[in-house]
Amino acid sequence: MSETPRPQQNHLLAALPAEVMARLLPHLELVSLPLGKVLYESGDTLRHVYFPTDCIVSMLYVMENGASAEISVVGNEGLIGVALFMGGETTPSRAVVQSAGHAYQMLGQRLKDEFNRHGELLLLMLRYTQSLITQMAQTAVCNRHHSIDQQLCRWLLLSLDRLQDNHLVMTQELIANMLGVRREGVTDAAGKLQKLGVIEYSRGKITVLDRPKLEQLSCECYAVVKKETDRLLHYVPARTRA
């Protein structure tokens, strides 16, 4: 039996003062999030926020013709549903589970009530939102100016930072949808990384074998996002995995 995820496995929740956490804890509900589950669609009115513990959720923009591209990834460093406390209530993006796992769900109104106390939670959420905006902006630049090979490296690194090990379960078709590129491009890029001994890919399972090499092959976009995230969210434990 695997151990039940604790709320403190989400770094935002772990960073809250004890009295704030005591107010929120009764309203947190652990939910299982399978691969591909859509938490909300574009234009939906948000009712809940989600604090991932061991899953990754992709934020996607979807075009009228069905084409999509990822604008950010959220894992145990953050939460899904910033539009709720920013006052928007809805968002034009789709939130879909990229890597299966769990999250703690809470009614958005409970979070807004705490946010409106203008205490520690407010500062924490604003800093997190700034880091998310940085990731979105850098992703847009990366998608425009860097190769599919570099984009794949950035995507793998961002995903690894939000997981407890070096394994990802993800088909090439889904990766292509995330990056907004053709599947053939992802197949070619993944093949190059496998030949270099950086990753092992088989039947939808990616294992990163050489993270330092992966960082070398990535464009500067990953480092920019990581540096800003570390600066704003200094409570997130540094990665020590080789």
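Considering only the range 83-104, state which residues are within 12 Å of residue 40 (Cβ to Cβ) and either in contact with a Phe, Trp or Tyr (Cβ under 8 Å, 6 or more places away or on another chain) or modelled with pLDDT of 90 or more (or both).
91, 92, 93, 94, 95, 96, 97 - these are the residues of the range 83-104 that are within 12 Å of residue 40 (Cβ to Cβ) and either in contact with a Phe, Trp or Tyr (Cβ under 8 Å, 6 or more places away or on another chain) or modelled with pLDDT of 90 or more (or both).
If you scan the range 177-205, which residues turn out to be free of Cβ contacts under 8 Å to residues at least 60 places away in the same chain and buried (at least 20 other Cβ atoms within 10 Å of the Cβ)?
Scanning the range 177-205 gives 186, 189, 190, 193, 198, 199.
Yes or no: the range 168-186 includes at least one residue that is at pLDDT 90 or above, of a type outside the set (A, V, I, L, M), in a loop (DSSP other than H, G, I, E, B) and more than 21 Å from the chain's Cα centre (by Cα).
Looking for residues that are at pLDDT 90 or above, of a type outside the set (A, V, I, L, M), in a loop (DSSP other than H, G, I, E, B) and more than 21 Å from the chain's Cα centre (by Cα), one finds none in the range 168-186, hence no.
Look at the range 87-101 and say how many of its residues are of a type outside the set (S, T, N, Q) and either surrounded by fewer than 21 Cβ atoms within 10 Å (Cβ to Cβ) or assigned by TED's automatic domain parsing to the domain that holds residue 160 (or both).
6
Restricting attention to the range 54-80, report how many residues are of a type outside the set (Gly, Ala, Ser), over 14 Å from residue 177 (Cβ atoms) and assigned to a strand (DSSP E or B).
Counting residues in the range 54-80 that are of a type outside the set (Gly, Ala, Ser), over 14 Å from residue 177 (Cβ atoms) and assigned to a strand (DSSP E or B) gives 4.
Quick one: in the range 81-132, which of the residues that are in a loop (DSSP other than H, G, I, E, B) and among the hydroxyl-bearing types (Ser, Thr, Tyr) is nearest to residue 171 (Cα to Cα)?
The extreme case among them is 93.
How many of the residues making up the range 10-53 are under 19 Å from residue 100 (Cβ atoms) and either assigned to a loop (DSSP other than H, G, I, E, B) or free of Cβ contacts under 8 Å to residues at least 60 places away in the same chain (or both)?
Residues in the range 10-53 being under 19 Å from residue 100 (Cβ atoms) and either assigned to a loop (DSSP other than H, G, I, E, B) or free of Cβ contacts under 8 Å to residues at least 60 places away in the same chain (or both): 11 in total.
Surrounded by 20 or more Cβ atoms within 10 Å (Cβ to Cβ) and out of contact with any Pro (no Cβ under 6 Å at 6 or more places or on another chain): which single residue out of 19, 70 fits that description?
Only one candidate qualifies: 70.
Going residue by residue through the range 205-216, is there one that turns out to be of a type outside the set (S, T, N, Q) and modelled with pLDDT under 90?
yes
Are any residues in the range 43-67 among the aromatic types (Phe, Trp, Tyr) and either within 9 Å of the chain's Cα centre (by Cα) or surrounded by fewer than 19 Cβ atoms within 10 Å (Cβ to Cβ) (or both), and if so, which ones?
61
Identify the single condition in (1) out of contact with any Leu (no Cβ under 8 Å at 6 or more places or on another chain); (2) modelled with pLDDT of 90 or more; (3) within 30 Å of residue 83 (Cβ to Cβ) that residue 131 does not satisfy, given that it satisfies every other one.
With (1) out of contact with any Leu (no Cβ under 8 Å at 6 or more places or on another chain); (2) modelled with pLDDT of 90 or more; (3) within 30 Å of residue 83 (Cβ to Cβ) applied to residue 131, the lone miss is (1).
Does residue 17 satisfy being touching a helix residue (DSSP H, G or I) at 6+ places or on another chain (Cβ under 6 Å) and more than 25 Å from residue 170 (Cβ to Cβ)?
So residue 17 fits the description; yes.
Residues in the range 121-140: is at least one closer than 25 Å to residue 30 by Cβ and not assigned by TED's automatic domain parsing to the domain that holds residue 50?
No, the range 121-140 has no match at all.
The values are calculated or read from the model by the stated rules, or taken from the named source; none is laboratory data. Keep in mind it's a predicted model, so treat the numbers as computed, not measured. Please note: Cβ atoms are built from the backbone with ideal geometry, for glycine as well, and neighbour counts cover all protein chains shown.
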